[in-house]
Amino acid sequence: MRVLLVGNHWTDGPGGAETVLVLTADLLRRAGHEVVPFAVAEERTLPTPVRARLPAAAGSRSRTRFGEAWAGTWSPRSYRALAGVVDEVRPDVAHVHHVFERLTTSVLDALRRRGVPTVMTLHDYKPVCPGYRLYADGAPSTRCLPGRHLEVVRHRCLEGSRWRSVAAAADAYAARARGLYDRVDAFVAPSAFLRDRVVDGGLPASRVHVLTNPVVAADQPRRAPDEPPYVLYASRLVAEKGVQTLLDAAALLPPGVRVRLLGSGRVERQVRSRVAAEGLPVDVVGAQPPDVVRAHLRGAVAAVLPALWWENCPMAVLEAGAQGVPVVASSVGGIPELVEDGSTGLLVPPGNAAALAAALTELLGRPDVVARMGRAAWARMRDRHDPATHVRALLDLYAAVCG
């Protein structure tokens, strides 16, 4: 089978969508199938047979913020480029990942115009929420469901940007009017929680299939954390991930314990400033390649994800468990589907720094519990997120839409 993989970034990270895209390509190739990746052209773009055809990101030549935001709704360049690739490689099926604002949903139009069966993995709530996250004013929100897209403008859900929010709302209304998502034959929801929310928002339940993200587990769970002890946050530095809550909790941890932050994002500057101003026991390491992240994970007492928004199936949780590291995370969204409280990690209320610090302190003082939870997390990842099982399910879905 020849599979056209479509996503904004064909790179090693930095986000979960990119991680899943690259892993999917590897799994399909190992299963004997041909993969043709299509993304925006970047310096870090990985090899692809259609490298010369990749378009620039939508809005990259715009002179104003409004022009950039509006260009991110539909890209003629992406449409023409993908149509040309389809004519050249003639794929059996297209698997679309995160394409919003850079490739834009113009790629769905190009695939439908060329009659290519299409599967789309949902990494967030974008088809039903113009703001992507069902998150407004610092908390989860469903006030935009179903179809009340002006709420994204009222609350400036796109990082506080008026123009991005206006463009996103207009794009959502236009997508509904032209039946954009009717052009997708099947949707992959990596969590049951996300499946339920997008169905609430109007996607047909019959076309939304729950298939959790895969992860490659280590051959054995790590033996013991490093000394001196630290806990690890390995995700984007953005407000909805609860980074400020983690900084609050860091001040409450026992002496000698460090919090290590791996990642970059919109609030990185504020984080660095606060750490310096308050003398917090926090090391801001920045974005790192996957092998370095794994090394940091294997040395951590625990991984932490204090999310405020309804996470879907975060790779930060899967990758920690795959190394045999327990996770302390917020009990929100799809996270409880991944972390069994008290067995593979600990769940805490979102935004509660005292509860987060207490959970981390509990693990810091119980190496036997850390080892037991780490082994259980590793076994759970191997059982429920096995790459071979995942690719078989994907191929079954491809065959169904092609049939």
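Is there a residue in segment 329-347 that is in contact with a Ser or Thr (Cβ under 7 Å, 6 or more places away or on another chain), closer than 30 Å to Gly256 by Cα and either aromatic (Phe, Trp, Tyr) or not assigned by TED's automatic domain parsing to the domain that holds Thr24 (or both)? Yes, there is a match, as at least one residue in segment 329-347 is in contact with a Ser or Thr (Cβ under 7 Å, 6 or more places away or on another chain), closer than 30 Å to Gly256 by Cα and either aromatic (Phe, Trp, Tyr) or not assigned by TED's automatic domain parsing to the domain that holds Thr24 (or both).
Among the residues of segment 284-296, those identified as more than 18 Å from the chain's Cα centre (by Cα) and over 25 Å from Arg269 (Cβ atoms) are Asp291, Ala295. Considering Val332, Val328, Val391, Val401, the condition of being over 22 Å from Arg195 (Cα atoms) and either touching a residue at least 40 places away in the same chain (Cβ under 8 Å) or in contact with a Lys or Arg (Cβ under 6 Å, 6 or more places away or on another chain) (or both) is satisfied by Val328 alone. Counting residues in segment 233-251 that are surrounded by 21 or more Cβ atoms within 10 Å (Cβ to Cβ), part of a strand (DSSP E or B) and either touching a His at 6+ places or on another chain (Cβ under 9 Å) or without any contact (Cβ under 8 Å) to a residue 12 or more places away in the chain (or both) gives one or more.
The residue list Val304, Val339, Val292, Val325 contains one member that is of a type in the set (Val, Ile, Thr) and out of contact with any strand residue (DSSP E or B) (no Cβ under 6 Å at 6 or more places or on another chain), which is Val292.
Residues in segment 349-382 that are under 21 Å from the mean Cα position of the chain (by Cα) and not in a loop (DSSP other than H, G, I, E, B) were compared, and the one that is surrounded by the fewest Cβ atoms within 10 Å (Cβ to Cβ) is Arg382. Is it fair to say Ala41 is over 24 Å from Leu237 (Cα atoms) and touching a Phe, Trp or Tyr at 6+ places or on another chain (Cβ under 6 Å)? Judged against the criteria, Ala41 is not a match. Residue pairs whose Cβ atoms lie under 6 Å apart, sitting 6 or more positions apart in sequence or on different chains, and linking a residue in segment 198-215 that is part of a strand (DSSP E or B) to a partner that is basic (Lys, Arg), are Val208/Arg195; Val210/Arg195.
Reported count of residues in segment 142-168, each being more than 16 Å from Gly202 (Cα to Cα) and either assigned to a loop (DSSP other than H, G, I, E, B) or at pLDDT 90 or above (or both), is 17.
So that you can scan it fast, the table gives a plain yes or no per residue for (1) of a type in the set (Ser, Thr, Tyr); (2) modelled with pLDDT under 95:
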| position | (1), (2) |
| --- | --- |
| Ala31 | no, no |
| Val35 | no, no |
| Phe38 | no, no |
| Thr48 | yes, no |
| Leu54 | no, no |
| Arg63 | no, yes |
| Thr73 | yes, yes |
| Ser78 | yes, no |
| Ala81 | no, no |
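The values are calculated or read from the model by the stated rules, or taken from the named source; none is laboratory data. This one's a predicted model, so the numbers in the text were calculated from it and none came from an experiment. In this analysis, Cβ positions are derived from the backbone assuming ideal geometry, glycine residues included, and neighbour counts consider all displayed protein chains.
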